[in-house]
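Structure, as structure tokens:
The values are calculated or read from the model by the stated rules, or taken from the named source; none is laboratory data. If you're wondering where the values come from, they're calculated on a predicted model, not measured in any experiment. For neighbour counting, all protein chains shown are included, and Cβ atoms are generated from backbone atoms with ideal geometry for every residue, glycine included.
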Amino acid sequence: MSRAENAREVRRPRCPLPLSLPLAAAAGYLLYASFPALGLWWCYPLGVAALTLSLLGRGNLLAALNGLVAGGTFFGLLIGWAGTYTGSVLPWLALTLSQAVFFAGYAVASALLLRRRGLNRFTPFALALLWTGCEYLRANYPYGGFPWGSAGFSQADSPLAAAAPYIGMAGFALLLALLGNLLASALARRSAPPLLLAIALALAASYAPQLPVEKATLRVVAIQGNIPEESNGFGLYHGQFLDNHVDTTRRWLRQAKPAPDMNTLVVWPENASDIDLDASPRAHAKVQAVVDEVGSPVLVGVPHYVQNDRYRYNELQYWLPGRGAVDVYRKQKPVPFGEYVPDRAFFEKISALIEQVGTDMLPGKKPAHFTSARPDVGALICFEIAYESLVQQSVLSGAQVIVVPTNNGSFGRSDQSVQQLAMSRIFARIAHRSFVHASTVGESGVYGPDGRELGRLGHYRSGWIDTTVPLSQVITPAVQAGSYPYLVSLGGAGLVLLYALTGRAGRSGRKNREDT
């Protein structure tokens with residue numbers, strides 16, 4: 001080995017071993033803190049930086065442990081609501097560990113790169129590609145993935161959100177990971193240029209040119225019927241959701257000024273009717289009566305059972321006065337283990353909790369768009385708001401405004417609802433569309449194409465948001481790009497691994513006996 005190579009090895013920064021795991025745990029907490037309800041968006045790159053610093057000088061085993069600690073801390077705090085529905089910690093624990101495994105994989109790949117190539121000028125960009133590729137895999141696999149916790153969802157209130165129409169979710173992951181790793185490089189190398197580059201990138205994103213808001217508008221009314229807080233979604237009489245939303249709609253109608261017309265869209269949440277309207281003439285007539293009173297289109301969330309109630313669809317029906325339901329959107333991405341059980345025979349042997357999901361939800365096949373609506377309306381039901389591909393599908397199908405009906409009744413006052421609301425807000429900017437986020441129990445919100453909040457309704461309040469939203473037909477670069485940015489990042493991550501594997505192990509790489 002040449003003297004120059006040896007000198008470069010000696011200068012390779014290392015994280016002291018006793019600080020490594022605490023720093024990884026701090027990384028997980030900082031990532032969590034960037035999301036609602038804390039909403040400290042600037043903590044996300046700090047969390048990335050802390051994780052990278054904890055990996056300096058680590059071998060594969062300790063790197064994997066660091067990743068598990070960081071990912072476990074992050075998701076353990078972020079999805080603390082996951083066991084509320086079942087009353088057991090097992091769903092929360094299983095989901096947390098499954099996501100922490102992806103962090104462990106990222107940490108091993110990153111530590112390999114750092115050992116073999118050092119923390120050079122190229123490394124922050126390479127690590128950002130690894131982070132983005134890992135996020136893509138986590139958001140899509142297994143069983144459709146779990147996009148909750150994706151980097152972009154932490155930036156709804158950030159000045160960086162100005163760049164949303166141009167960079168999309170993949171761009172947020174790449175940008176935030178790059179900012180974090182540039183900061184880590186500046187700290188570890190005691191070098192100013194990486195920090196200056198990070199500042200320049202953040203400023204460029206914050207001052208990205210804004211797309212124009214078009215003049216066409218639509219009056220939207222999000223109805224939040226509410227249920228008793230102490231019920232937590234259980235112990236209600238059959239039809240209480242429906243009755244509450246009918247009653248709240250009539251209360252709004254008595255106060256509505258001006259009176260609604262066909263340029264008004266009333267949005268009921270997911271499961272606003274807890275009765276299959278096709279199976280109950282009485283409930284069907286109740287909905288038709290209130291739609292006729294409103295005199296404008298009403299979107300109604302309803303379950304629809306098939307095959308002798310063995311299966312069900314989660315539907316959003318488009319009702320018109322005097323005509324009934326003329327169009328329907330069925331949820332395309334049911335939640336695995338929450339709304340259906342994949343490989344049921346196998347998992348029933350593992351946990352009796354599987355029996356709580358007695359009726360499997362079937363996926364819909366129709367795009368997230370109502371072809372009968374004028375103006376064109378897109379729809380994403382509940383957890384579907386986490387999937388950028390469905391937002392893109394809705395916009396490319398012609399949607400000028402997007403509704404997000406959701407039922408948060410089983411999660412109490414946890415952060416679940418505000419985390420979900422932040423997804424609608426950031427996607428409003430990515431897609432340059434107004435978003436109408438209607439919840440059964442809160443929180444509900446309406447956002448313009450520029451991300452501006454036009455109305456909000458808090459937890460456990462019976463009420464409505466009555467406002468006018470801009471319509472838009474702009475197709476943003478982020479929507480046009482589809483999944484290609486993520487796929488390019490995934491390919492780049494593969495090249496980074498190849499680059500790492502072909503490098504020569506540095507001094508820290510030969511000391512694995514100490515660090516593994």
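Do we find a residue being in the same structural domain as LEU495 (by TED's automatic domain parsing), under 18 Å from the mean Cα position of the chain (by Cα) and modelled with pLDDT of 95 or more anywhere in region 77-91? Within region 77-91, one or more residues are in the same structural domain as LEU495 (by TED's automatic domain parsing), under 18 Å from the mean Cα position of the chain (by Cα) and modelled with pLDDT of 95 or more. Among the residues making up region 243-272, those that are buried (at least 16 other Cβ atoms within 10 Å of the Cβ) and touching a Lys or Arg at 6+ places or on another chain (Cβ under 9 Å) are ASP243, VAL246, PRO260, THR264, LEU265, GLU270.
Got a sec? Which of SER158, SER185 is surrounded by fewer than 24 Cβ atoms within 10 Å (Cβ to Cβ), over 15 Å from the mean Cα position of the chain (by Cα) and touching a residue at least 24 places away in the same chain (Cβ under 8 Å)?
SER158
Would it be correct to say that ARG452 is basic (Lys, Arg) and under 23 Å from the mean Cα position of the chain (by Cα)? Before the answer, list the steps.
Working: basic (Lys, Arg): yes; under 23 Å from the mean Cα position of the chain (by Cα): yes.
So ARG452 fits the description; yes.
Name the residues in region 447-462 that are touching a helix residue (DSSP H, G or I) at 6+ places or on another chain (Cβ under 9 Å) and under 25 Å from PRO228 (Cβ atoms), would you? Those that are touching a helix residue (DSSP H, G or I) at 6+ places or on another chain (Cβ under 9 Å) and under 25 Å from PRO228 (Cβ atoms): ARG456, HIS459, TYR460, SER462. For LEU55, state whether it is crowded, with 21+ Cβ neighbours inside 10 Å, touching a helix residue (DSSP H, G or I) at 6+ places or on another chain (Cβ under 9 Å) and within 23 Å of SER98 (Cβ to Cβ). Considered against the rule, which asks whether it is crowded, with 21+ Cβ neighbours inside 10 Å, touching a helix residue (DSSP H, G or I) at 6+ places or on another chain (Cβ under 9 Å) and within 23 Å of SER98 (Cβ to Cβ), LEU55 comes out as yes. Scanning region 200-226 for residues that are exposed (fewer than 13 other Cβ atoms within 10 Å of the Cβ), in a helix (DSSP H, G or I) and under 27 Å from the mean Cα position of the chain (by Cα) turns up just one, LEU203.
Have a look at VAL328, VAL300, VAL291 and point out the one that is touching a residue at least 12 places away in the same chain (Cβ under 8 Å), under 23 Å from HIS437 (Cα atoms) and not in a strand (DSSP E or B). Don't jump to the end; show me each part of the working.
Working: VAL328 fails: not in a strand (DSSP E or B); VAL300 fails: not in a strand (DSSP E or B).
Answer to the selection: VAL291.
Each row is one residue, and each column tells you yes or no for (1) under 25 Å from GLN416 (Cβ atoms); (2) polar (S, T, N, Q); (3) part of a helix (DSSP H, G or I).
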residue: LEU129; (1), (2), (3): no, no, yes
residue: GLY133; (1), (2), (3): no, no, yes
residue: ALA139; (1), (2), (3): yes, no, yes
residue: GLY144; (1), (2), (3): yes, no, no
residue: ALA163; (1), (2), (3): no, no, yes
residue: ALA198; (1), (2), (3): no, no, yes
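Tallying residues that are assigned to a helix (DSSP H, G or I) and more than 15 Å from the chain's Cα centre (by Cα) within region 22-43 yields 11. Residues that are modelled with pLDDT of 85 or more and among the charged types (D, E, K, R) within region 348-404 comprise LYS365, LYS366, ARG374, ASP376, GLU384, GLU388, listed in sequence order.
Per the listing ALA100, ALA107, ALA111, the residue uniquely surrounded by fewer than 24 Cβ atoms within 10 Å (Cβ to Cβ), among the aliphatic types (A, V, I, L, M) and not in a loop (DSSP other than H, G, I, E, B) is ALA100. One residue stands out among those in region 418-431 that are closer than 20 Å to HIS369 by Cα and either over 17 Å from the mean Cα position of the chain (by Cα) or among the small types (Gly, Ala, Ser) (or both): the one that is surrounded by the most Cβ atoms within 10 Å (Cβ to Cβ), which is ALA428.
The residues of region 374-406 that are buried (at least 24 other Cβ atoms within 10 Å of the Cβ), in a loop (DSSP other than H, G, I, E, B) and of a type outside the set (Val, Ile, Thr), listed by number, are LEU380, ALA399. Of all residues being among the small types (Gly, Ala, Ser) and out of contact with any Ser or Thr (no Cβ under 7 Å at 6 or more places or on another chain) in region 167-179, which is nearest to THR476 (Cα to Cα)? Just the residue, please. Within region 167-179, the match that is nearest to THR476 (Cα to Cα) is GLY168. If only residues of region 227-242 that are touching a helix residue (DSSP H, G or I) at 6+ places or on another chain (Cβ under 8 Å) and within 15 Å of VAL300 (Cα to Cα) are counted, the one that is surrounded by the fewest Cβ atoms within 10 Å (Cβ to Cβ) is GLY239.
Considering the conditions (1) assigned to a loop (DSSP other than H, G, I, E, B); (2) assigned by TED's automatic domain parsing to the domain that holds GLY455; (3) modelled with pLDDT of 95 or more, ALA156 is excluded by exactly one of them, (2).
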